[in-house]
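Here is the structure we will look at.
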Amino acid sequence: MTEQPGTGGGLAPDSPQAQAAVRAQLAENAGTVAGDDTAAAAATQAQIAGTQRGPLLPAEQQIDELMAMFRQQSEQMAALLAKQGDQDKQMAALRGQLAAAQGEPLPVRYAQAAVDKLTAHQAANPVLGKDHFGPVVELGTHLLEAAGLVVNGGAPDELLKTASAVERWLTRTHPRKAGGVHLDFSSVLDDVENAVEAAQEMAKAA
């Protein structure tokens, strides 16, 4: 086979064989470059995805831990409230038993004590006139009746309203209408307050 001048013993540059070889080499090089670019792009996307996802994992874990802690605290609070409710009922029951052992239930005993003291104030202060104490003695009687309703399973609403009316008369109406006559109603107020507390505890335990 005759060699072409200037080719160094190879194929002629313009021969079909040489051109085919060049095209094959270019295609191979292009494939290698494309493959490298695809791999690099995939690696870059994986790195970006890892960067975006990475910080979320600890945050999600912290949220889960916080939610678990809140659930645990909620369960503990519910248990404490239930325990407190049981203790309140037990205490009310004990007080009821004590009152039963001593006579009348506590709401009735305190209301009766308030009525007795109001009647005593009326008798000890004739200068004020019977009509002066008449309204509050009547309120005291109504307080006693309302206490009896609570003892029999009724709501304490009427007792609370009547107790407020008694307290208002003792602290406001009397000083305004007594003409300067000062009386100490502190023991009566104590009895009214104790009657209210006892009635509320009894209704709560029912």
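The figures follow:
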{"read-out": "Positions within the range 169-194 being farther than 30 Å from Leu106 by Cβ and of a type outside the set (Lys, Arg), in sequence order", "value": "Ala178, Gly179, Gly180, Val181, His182"}
{"read-out": "Matching residues in the range 171-194 - criterion: being more than 14 Å from Val136 (Cα to Cα) and small (Gly, Ala, Ser)", "value": "Gly179, Gly180, Ser186, Ser187"}
{"read-out": "Of all residues making up the range 159-206, the number that are β-branched (Val, Ile, Thr), under 18 Å from Leu144 (Cβ atoms) and touching a Pro at 6+ places or on another chain (Cβ under 9 Å)", "value": "1"}
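Read-outs: derived from the displayed coordinates by stated rules, not from any lab. Only a predicted model underlies this, so the values are computations on that prediction, with no experimental measurement involved. Reconstructed Cβ throughout: ideal geometry from the backbone, glycine too, with neighbour counts over all protein chains shown.
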